[in-house]
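Have a look at the structure below before the remarks.
Each reported figure results from applying straightforward, stated rules to the coordinates on display, with no laboratory input. Because the structure is predicted, anything quoted here is derived from the model rather than measured. All Cβ positions, even for glycine, are placed from backbone atoms using ideal geometry, and neighbour counts span all protein chains on display.
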Amino acid sequence: MSSISARPSSFMSTSEYEPPADDEVLRLVQAAISARNHAYAPHSHFYVGAAVLLHGGRIVEGCNVENASYSLTQCAERVAVTTSVAEGHRNFRAIAVASVGGAMPCGACRQVLAEFGMDMAVYTVDVIDGEQKMRLLSELLPDAFSGTDLLP
């Protein structure tokens with residue numbers, strides 16, 4: 001598996017962003033790869049695992065859960081987030097997503113992640129060749145919809 005820098009691209013201001021340590025990134029990526037083994041994808045056969053890193057170092061995993069009615073499919077990222085929230089956690093430092101090809105989170109997942117902070121690191125890993133990438137969520141979803149957009 002190739003190594004990855006935990007530093008964001010030079011495009012983003014990093015004044016408040018503190019990247020996870022290299023050992024945390026390694027644990028996070030390994031957890032996402034492990035979670036992928038639990039994916040339920042009988043229709044697309046596109047298995048995805050995700051893992052969120054909480055402040056304090058705990059990692060919560062999720063995997064995609066397909067449905068024959070495709071719009072009811074749950075992405076791995078949203079499963080990891082909702083599991084975390086159901087356990088009482090709302091402070092995410094990073095998320096890793098593992099799939100063939102190293103797919104980025106879809107738009108819906110990006111919006112769900114945005115609810116918990118735009119400075120979240122998003123790591124992707126291609127489970128075939130081990131290539132890893134990192135972006136800040138703010139790079140992946142500029143001008144995200146937020147609570148400030150809601151009418152009072």
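Among the chymotrypsin sites (Phe, Trp or Tyr not before Pro) in the range 114-152, those located in a DSSP loop and surrounded by at most 16 other Cβ atoms within 10 Å of their own Cβ are PHE145.
Working note: Karplus 6.51/-1.76/1.60 with θ = phi - 60° gives the range 31-41 the couplings 5, 5, 5, 5, 4, 4, 5, 9, 4, 10, 9 Hz, where Gly and Pro are set to x. Converting phi to 3J(HN,Hα) with the Karplus coefficients 6.51, -1.76 and 1.60 and the offset θ = phi - 60°, the range 122-128 yields 10, 9, 10, 9, 8, 6, 7 Hz in sequence order, with x at every glycine or proline. Restriction of the trypsin sites (Lys or Arg not before Pro) in the range 11-97 to DSSP coil positions whose beta-carbon has at most 14 other beta-carbons within 10 angstrom yields ARG58, ARG90.
Can you give me the C-alpha center-to-center distance between the range 66-125 and the range 35-56, rounded to a whole angstrom? Each part's Cα centre sits 9 Å from the other's. Rounded, prolate or oblate: pick one for the chain, where a ≥ b ≥ c are the square roots of the eigenvalues of its C-alpha gyration tensor, a/c under 1.5 means rounded, and failing that, prolate if a/b is larger than b/c, else oblate. The shape class here is oblate. For the range 115-121, putting each phi into the Karplus relation 6.51 cos²θ - 1.76 cosθ + 1.60 with θ = phi - 60° gives couplings of 4, 10, x, 7, 8, 5, 7 Hz, in residue order, rounded to whole numbers and with x for Gly and Pro.
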